[in-house]
Amino acid sequence: MTGEIIQTKAKEFLQKMYGDANSEFNFSIGWLEWFKARHGTKSYRRFGESGSVVIENIKYVSPQMTAK
């Protein structure tokens, strides 16, 4: 999940909870860093093959690998 997604979802939640009352609230980069620090969220980049793995395929291969 990217920081942009977190900021977008936060804006959506604010809108649903308070309507237009806080429409000028800004979910800045500083707000995002504070949010991530408070909730223990870290960013990771995937390099190489790990970024190209199809999660659905793991369900089928995993039992075969552990049986050997």
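The values are calculated or read from the model by the stated rules, or taken from the named source; none is laboratory data. Just so it is clear, the model here is predicted, and its values are computed rather than measured. Virtual Cβ from ideal backbone geometry, glycine too; neighbours counted across all protein chains shown. Protein only, heavy atoms only, side chains kept; ligands, DNA and RNA dropped before computing areas. Shrake-Rupley method; radii C 1.70, N 1.55, O 1.52, S 1.80 Å.
In segment 22-42, the residues that are closer than 15 Å to Glu4 by Cβ and in contact (Cβ under 8 Å) with a residue 24 or more places away in the chain form Cβ pairs under 8 Å with partners that are open to solvent by 60 Å² or more (accessible area, probe 1.4 Å) and of a type in the set (Gly, Ala, Ser), at six or more places apart or across chains, as follows: Lys36/Ser43. Taken over segment 14-28, residues that are surrounded by 10 or more Cβ atoms within 10 Å (Cβ to Cβ) and part of a helix (DSSP H, G or I) amount to 5. Any residue that is part of a helix (DSSP H, G or I), at pLDDT 90 or above and of a type in the set (Ser, Thr, Tyr) - is there at least one of those in segment 44-51? Looking through segment 44-51, none of the residues is part of a helix (DSSP H, G or I), at pLDDT 90 or above and of a type in the set (Ser, Thr, Tyr).
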